[in-house]
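Notes follow once the structure below has been shown.
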Amino acid sequence: MITIAIRAREIVSSNVDSLVSKAGEPRKMLRLLQSEIEEALIALHGDAAKARRQQARMQETATRLAADAEEWTAKAKIAVDHGREDLARAALLTREAERAKAADTAEAAAVLGTQIKEAAAVITELEAKRAAITARIAELAPTEAAAKPASDTHIDRRIDRIEALERRAEFAAVPTATPSPTALDDEIAGLQQASAIEAELAALKATATPAKKAGGKKRV
């Protein structure tokens, strides 16, 4: 969708009057541009529909993951009540991992939502551009057939420009690599999470059922 949107922006920003004034065969050039717009609209409508379905699935998944994550808190409490601090710690760590998955999925859905809005805006602009070009084609008197045929130089330049735009779009569509966190950052983050888990474990142990605590002692 990003590649198509970039091409569409280039088309929208083109100056029809300037193109007509420079073209040897204005109607032919405008019909070529009109065809480009039609292709871009079809592609954008299709991509936007797919993106909306994908976003809905992502939002549903994020909600489910968030709900599942919170269930691990109760499981950790059960483990503490039975004297299984190791299981409680594992449960809390699992909860944090599930929370992170839910947050990442929700963020991805939000990013997709932004792209969907941008695609809708481009579609509106393209439709307006198409209407303007259609009106301009109708205005041009069909007298070009009697004129001397223009050379193919302009059409060649137009094709070259389209290819250049495609290459530029493909380059822009390549996702920028996100720098990986350093080993030091990862270790510090792990220590911070471990501290939070230990503090929560301590709180759970403090509120654990006394009877369950006694049951956890070794028998003589």
Env charge @ Arg95, Cβ radius under 10 Å, K,R +1 / D,E -1, value -4
If each part is reduced to its alpha-carbon centroid, the range 32-55 and the range 66-89 end up apart, in Å, by 48
Report the full-extension gain for the segment Ala138 to Ala56: residue separation times 0.36 nm, less the Cα-Cα distance, to one decimal in nm.
-> 25.3 nm
Past the 18 Å Cα-Cα mark, which pairs from Lys50/Lys117; Lys50/Lys101; Lys77/Lys101?
-> Lys50/Lys101; Lys77/Lys101
Pair Ala203, Glu127: separation of 7 Å Cα→Cβ label points (nm) = 5.2
The residues Val122, Val111, Val80, sorted from fewest to most surrounding Cβ atoms within 10 Å, come out as Val111, Val122, Val80
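Every number in this text was worked out from the coordinates using simple rules, so none of it is lab data. All of these numbers come straight from a predicted model, not from anything done at the bench. Positions of Cβ are backbone-derived with ideal geometry, glycine not excepted, and every protein chain shown enters the neighbour counts.
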